[in-house]
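Reading through the structure tokens given below for one structure.
The values are calculated or read from the model by the stated rules, or taken from the named source; none is laboratory data. A quick note: this is a predicted structure, and the numbers were derived from the prediction, not measured. Cβ coordinates were reconstructed from backbone atoms using ideal geometry, including for glycine residues, and neighbour counts include every protein chain displayed. In case anyone asks, the SASA skips ligands and DNA or RNA and just uses the protein heavy atoms, side chains included. Shrake-Rupley method; radii C 1.70, N 1.55, O 1.52, S 1.80 Å.
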Amino acid sequence: MEKKQMNKKDIKNSKNNNKSSNTKKKRKKKTWKKIVFVTFLLLLIAGGIFAYRVHKNGGGMTGMLATMVGHDENTKKNLGEFKVLLLGISTDEENSELTDTIIVASYNPNTQKATLLSIPRDTYTGKNTARATAYEKINALYSRKHRPDETLSAVNEITGLNIEYYIVIKNEALIKLVDVIGGVTFNVPIDMNYDDTSQDLHIHLKKGEQKLDGDKAEQLVRFRHNNNGTSYPAEYGDNDLGRMRTQREFILQVIKQTAKPENIFKLGQILDVAKDNVITNVDFNVAKDYIPYAVEFNTENMLTETLPGDVPSLNKTNYVSIFVHDKAKTKALVQELFFDRDIEEIEEETTTGEETTISNRKEDISIEVLNGSGSNSNLQKVVNQLQGAGFKVTRTGSTNTTTKTTIINKKNVNETLLKNMKDVIGAGSIETSESSSSKVDVTIIIGKDY
């Protein structure tokens with residue numbers, strides 16, 4: 001009898017345990033459902049926020065990349081024109097690295113315009129052409145100490161630009177990059193036949209459009225003249241002028257063909273090429289700000305030019321073949337390429353509702369420059385830069401030391417002009433603080449970042 005009762009108790013307990021177990025399972029199931037729902041909801045919200053920010057950043061690949069690196073819709077507005085000196089060096093000759101390619105490159109993310117300005121490799125950097133030496137040619141500066149900053153200083157002296165960054169690219173980088181992206185289609189302008197056993201350089205290319213691999217790409221950009229002395233036709237630009245033109249046009253094609261969507265999967269290989277063959281002082285944090293907007297750059301918006309000047313007769317240059325740049329023409333060309341290009345598109349006067357934009361000619365804008373950098377020499381330097389670019393500085397003075405350079409719009413000056421001022425001095429964020437009583441249109445406060 002006791003045994004039967006025990007069995008009944010066991011059965012009852014077993015039922016209770018089963019009920020308890022089923023209840024726990026149901027609770028766990030409900031809990032997981034809640035977790036999944038909340039997770040899905042959070043992902044939906046995060047995705048919505050991300051999609052909204054992508055849209056605010058311009059949409060497409062640009063908007064996505066800009067959002068991924070933490071940009072908002074105002075980030076691009078404060079990005080000035082990015083200028084960099086490109087140096088292509090050949091390493092074939094023992095213990096010598098000559099800069100065969102010297103190009104000033106610029107890119108403006110707000111206007112999506114860019115410029116390539118070639119500097120002839122024989123450009124003279126000394127003071128007295130009558131006593132010229134080969135060591136004073138600009139392409140020899142890097143080979144002496146392998147210091148790109150010396151070449152950068154010489155280019156800034158010649159152009160009057162305040163370029164901060166340089167990228168030194170070994171010829172191996174071009175060969176490997178072209179091979180990584182599967183070759184570059186290019187229209188070779190003439191038949192090329194040249195041999196230099198001292199450099200183990202052999203150039204043999206046929207005229208016409210063709211796909212070039214890395215080896216042939218190097219042949220193309222290093223060609224100056226044929227074994228028989230003939231070169232590019234005069235209308236194309238012979239010898240160095242022709243080579244610089246070919247280099248610029250080939251760079252455009254490399255940019256265009258590297259930017260193809262399918263090459264996104266080769267990014268790791270491209271970065272490996274850069275890591276092993278590129279020397280630069282461009283900080284990653286600077287580069288990442290421009291990359292989102294550069295991916296959609298149209299190479300049709302690229303201007304290409306060569307430094308103006310001539311080659312004096314040898315009896316006037318100590319029998320050293322040099323290129324002497326024309327200072328007046330160089331100043332005018334630099335002004336046109338790097339400062340006036342965007343201004344030309346601004347209307348003289350625009351009126352929207354009650355808001356009126358003042359005349360947008362540089363000479364009509366009055367600028368006040370206040371020095372808060374802690375360095376007395378910076379004030380005159382900024383004034384000279386602005387006046388050299390065609391702006392009118394009407395007042396100067398000092399103010400409390402400040403960290404960042406600020407460009408303050410006091411009278412509704414066109415935004416393109418303000419960005420142009422920022423590009424000229426190479427620093428600053430743009431702010432608006434309109435004041436009808438202000439005696440100037442723009443106030444620039446120089447900070448320690450200048």
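When the range 254-269 is examined, which residues are found to be under 17 Å from the mean Cα position of the chain (by Cα) and open to solvent by less than 50 Å² (accessible area, probe 1.4 Å)?
Looking only at the range 254-269, we keep the residues that are under 17 Å from the mean Cα position of the chain (by Cα), and these are 254-256, 258-259.
The answer is 254, 258.
What are the residues in the range 222-242 that are in contact (Cβ under 8 Å) with a residue 60 or more places away in the chain and open to solvent by less than 20 Å² (accessible area, probe 1.4 Å), if any? Write out each step before concluding.
Of the range 222-242, the ones in contact (Cβ under 8 Å) with a residue 60 or more places away in the chain are 222, 237, 240-241.
Scanning the range 222-242 gives a single hit, 237.
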Anything in the range 160-204 that is surrounded by fewer than 19 Cβ atoms within 10 Å (Cβ to Cβ) and among the aromatic types (Phe, Trp, Tyr)? List them, or say none. 165, 194
For residue 434: the one exception among (1) open to solvent by less than 70 Å² (accessible area, probe 1.4 Å); (2) of a type outside the set (Phe, Trp, Tyr); (3) assigned to a loop (DSSP other than H, G, I, E, B): (1)
Here's a check for you: in the range 131-159, which residue that is buried (at least 17 other Cβ atoms within 10 Å of the Cβ) and not in a helix (DSSP H, G or I) is farthest from the chain's Cα centre (by Cα)? 132
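For residue 246, are the conditions met, namely being within 20 Å of the chain's Cα centre (by Cα), hydroxyl-bearing (Ser, Thr, Tyr) and within 26 Å of residue 148 (Cβ to Cβ)? Talk me through it step by step, then tell me what you get.
Numbers: within 20 Å of the chain's Cα centre (by Cα): no; hydroxyl-bearing (Ser, Thr, Tyr): yes; within 26 Å of residue 148 (Cβ to Cβ): yes.
Answer is no for this residue.
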Take residue 423 and tell me if it is open to solvent by 40 Å² or more (accessible area, probe 1.4 Å), at pLDDT below 90 and under 24 Å from residue 303 (Cα atoms). no
Going through the range 324-341 one residue at a time, which ones are farther than 11 Å from residue 132 by Cβ and touching a Ser or Thr at 6+ places or on another chain (Cβ under 8 Å)? 325, 330, 334, 337, 338, 341
I'm trying to understand the selection: among the residues of the range 370-410, which are open to solvent by 20 Å² or more (accessible area, probe 1.4 Å) and assigned to a helix (DSSP H, G or I)? 376, 377, 378, 379, 380, 381, 384, 385, 387, 388
Which members of the range 282-328 meet the condition of being touching a strand residue (DSSP E or B) at 6+ places or on another chain (Cβ under 9 Å), surrounded by fewer than 12 Cβ atoms within 10 Å (Cβ to Cβ) and either among the hydrophobic types (A, V, I, L, M, F, W, C) or modelled with pLDDT of 85 or more (or both)? 310
Can you say whether residue 215 is under 29 Å from the mean Cα position of the chain (by Cα) and within 21 Å of residue 89 (Cβ to Cβ), as far as the supplied structure shows? yes
